[in-house]
Amino acid sequence: MSLTAGQRLGPYEIVASIGAGGMGEVYRARDARLDRDVAIKVLPEGLSRDASFKMRFEREAKAISALNHPNICTLHDIGREGELDYLVMEYIEGDSLADRIRKGPLPIEQVLRYGVQIANALDAAHRHGIVHRDLKPGNVMLTKSGAKLLDFGLAKDGALGYSAPSEATEHKPLTAEGTIVGTFQYMAPEQLEGSGADARSDIFAFGALLYEMSTGVRAFDGKTRTSIIAAIVSTNPPPISSVQPMTPPALDYVVRRCLAKDPDDRWQSAADMASQLQWISESGSQTMPIALRRKRAWARYLWPAAAAIAGIIAGAFGWSLLGGRSEAGSISHYQISPPAMNPVTLAHGRSFAISPDESFIAYRGRSGTDNALFLRKTSGFEPMRIEGSDDSRHLAFSPDSRWLVFASGEMLKKVSVDGGKPIDLCPTSGGAVGIDWSGSTILFNDGFSMGIWSIPAEGGEKQLVFARDVAKNEGAILYPQLLADGDHVLLTIWRGGSFDDADIVVRSIRTGEQKVLVKGGSDARVLPTGHLVYGRAGTVLAVPFDQKKLQVTGSPVMVLDDVATGSLSGEAHFSVSDRGTLLFAPGGALSEEKDLMWVTRSGEETAVVPTRRSYLEPKLAPDERTIALVIESSNYDIWLLDIERDSINRLSFGADDSTPVWNPDGSSVAWSSTRTGSAQVFERAADGGGEERQLTSDAVASYATSWSPDG
């Protein structure tokens, strides 16, 4: 039944109807005790007698009460009056996002600001194991203080076992009544197919929300429910920039990844999305239209002179500027594919390079069952295998393009491009992450914890340049490049978590003084044109850089997106010649999908689950029903794999988490994380409830390895 003005529910007096949804009617009311306006959501009397609907109503109350966030509607009270159950929530003054979008697309600064707030609200819910499942413009209110996420009527605990509801919610805003197909337009493909929803389903809906905020039109639409579902499952919307040309290219990338059909291809946490949107918001001139950037990016921001070729290892496209000093210039696409018997194998660390004079390309490729380095002339077709280059992961050319230096196993070596046997330079720990040959000096990183070393290019004793300051939790020092003054070195400083949060710095060899150039990026290189080029979130960005003043002098511009990047070592797979050719490999974050296998003592193998994922470090629960493991992505987090359902549920949200270990009674999982600097041990209940608990806070790194039988 509908309530009328003046009617009372306990201490609350109804003032007016606000709207209705599939889970109840909403009224504005007055709390006589506290003298404040509230919003009351009532489960209709007929539904109160339905056990399944009442269970959902109670679940909404529990879901909202567990959350305390400035961008989530606050729950004040819950009550029952006669046969009516009701919730009492804060009364929010403002317009719904749906009402605002009906007036047209939002300005880009509002899209980013509200987007960050909504993503943070989702992150708070997901951290409590709550998936909203009904995110759409009608469930977001815009107030003077920002966006507010409401209506957890379809929320569920955990991330498993959801089937698309037949009673999809129907909202009735103040201005117009919604339609039942409205919900389907924001559902992820896995929801529509009935195969389960988790936090990544909310991320898909969030992508559709961002798209509609930016363009004023829905990402997926159709005349019938069937046509809408077909669009969601099988098509992609046009890029936002094709509808709104002034859209930042990076926003297109964020939304495209949110709307990936496969949940494993999406952002894996709302916190990741919030970080990306915040970074875009702070990037200034990066909002230049992508159509113009692609036409002019290299001409206007990097090289006004001509370049000869462009290429890409692994069979996609590269970029180069051809033909004179015209500002508009033209972009040349040229495909360079290695022979089928020696395919390129991208690894953690730089896996290919173009020589400064563009005469050679070197790359790491497959040779039989092993990996080795191959060298080919850009004017030729047949590569030459470099002997003694097995297990090589890092390489760089000499400034005169006549030598190639690389790390192979536990030895740093160099070899002439004219052929011959490699020359051993010095032993390493086997974990080099970045090599630079500048002038007569070779710099290299000798593992994540060993610092930066130098060695004369002609050979000699290696010398420690920078040691990692463990006492100050400095983090890993990676990807060195000696600058023109011979004293300052360009470095990436990584403190754990995502490499998108690493710092790019310059440090003096003489004094040790350091200056941060870029916050949020890795694997940077300074080019002869006076630009700093680096990788971030699967993109290559360039920013003007003054080597004399050691400072950036402008805002970053995205040169390329969808560039292969390593989540373990932070490398961006691109190489630039002195003449302006950019060589790159596409593909976004690198991860390797694998089968998870049972192996009997007699050697028989069977798949644990049919789905291939980028599994790492699996640990079987005591009841043998669940596996705790790491999923390799832009962040490394702990996930729980339900063997029977073949579904995963995220347990940790710290990034760079590893080594899961089960409590012997199966009630919780411990793991190691570098979120606080050096690795420490954390624990959380296996059902995802409660907060994470830090178990160690030692001065040195601590890793979870085993748990004693008595707990």
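The values are calculated or read from the model by the stated rules, or taken from the named source; none is laboratory data. Computed from a predicted structure; not experimentally measured. No Cβ is skipped: glycine too gets one built from the backbone with ideal geometry, and neighbour counts run over all protein chains shown. Only protein heavy atoms, including side chains, enter the accessible area calculation; ligands, DNA and RNA are left aside. Shrake-Rupley method; radii C 1.70, N 1.55, O 1.52, S 1.80 Å.
Numbers for the structure displayed
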| quantity | calculated |
| --- | --- |
| Sole exception among (1) exposed (fewer than 14 other Cβ atoms within 10 Å of the Cβ); (2) part of a loop (DSSP other than H, G, I, E, B) for D424, by number | (2) |
| In the range 166-214, the residues that are among the aliphatic types (A, V, I, L, M), at pLDDT 75 or above and either assigned to a loop (DSSP other than H, G, I, E, B) or open to solvent by 10 Å² or more (accessible area, probe 1.4 Å) (or both) | M187, A188, L192, A197, A199 |
| Pairs, first over 21 Å from E461 (Cα atoms) in the range 399-423, second among the aliphatic types (A, V, I, L, M), C-beta under 6 Å, six or more apart | R402/V417 |
| Residue in the range 658-703 that is farthest from G496 (Cα to Cα), counting only those that are surrounded by 12 or more Cβ atoms within 10 Å (Cβ to Cβ), modelled with pLDDT under 90 and aliphatic (A, V, I, L, M) | A701 |
| Output for the range 237-268, where each listed residue is open to solvent by 60 Å² or more (accessible area, probe 1.4 Å) and within 13 Å of the chain's Cα centre (by Cα) | R256, D265 |
| Among (1) out of contact with any His (no Cβ under 8 Å at 6 or more places or on another chain); (2) open to solvent by less than 50 Å² (accessible area, probe 1.4 Å) - the single one F653 does not satisfy | (1) |
| Residue list for the range 536-557, restricted to those being surrounded by 24 or more Cβ atoms within 10 Å (Cβ to Cβ) and modelled with pLDDT under 85 | A537 |
| Odd one out for I477, checked against (1) under 22 Å from A353 (Cβ atoms); (2) in contact with a Lys or Arg (Cβ under 7 Å, 6 or more places away or on another chain); (3) modelled with pLDDT of 90 or more | (3) |
| Single condition A362 does not satisfy, out of (1) within 23 Å of G570 (Cα to Cα); (2) at pLDDT below 90; (3) not β-branched (V, I, T); (4) not in a loop (DSSP other than H, G, I, E, B) | (2) |
| Residue check for H76: touching a residue at least 24 places away in the same chain (Cβ under 8 Å), open to solvent by less than 20 Å² (accessible area, probe 1.4 Å) and not in a loop (DSSP other than H, G, I, E, B) | no |
| Which listed residue, of A98, A61, A124, is outside any strand (DSSP E or B) and at pLDDT below 85 | A61 |
| Unmet criterion (only one of (1) crowded, with 16+ Cβ neighbours inside 10 Å; (2) in a loop (DSSP other than H, G, I, E, B)) for L395 | (2) |
| The range 219-234 residues that are over 16 Å from Q191 (Cβ atoms), paired with ones that are outside any loop (DSSP other than H, G, I, E, B) (beta carbon under 6 Å, 6 or more apart) | G222/I228; G222/A231 |
| Extreme residue, farthest from the chain's Cα centre (by Cα), among residues of the range 500-522 that are open to solvent by less than 10 Å² (accessible area, probe 1.4 Å) and touching a residue at least 40 places away in the same chain (Cβ under 8 Å) | V506 |
| Cβ pairs under 6 Å, 6+ apart, first in the range 84-113 and closer than 16 Å to Y211 by Cα, second assigned to a helix (DSSP H, G or I) and open to solvent by 20 Å² or more (accessible area, probe 1.4 Å) | A98/G138; L112/S281 |
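For every residue, the table says whether it meets (1) among the acidic types (D, E); (2) at pLDDT 80 or above; (3) over 30 Å from A353 (Cβ atoms).
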site	(1), (2), (3)
D578	yes, yes, no
L582	no, yes, no
A585	no, yes, no
E592	yes, no, no
V599	no, yes, yes
E604	yes, yes, yes
A607	no, yes, yes
P610	no, yes, yes
R613	no, yes, yes
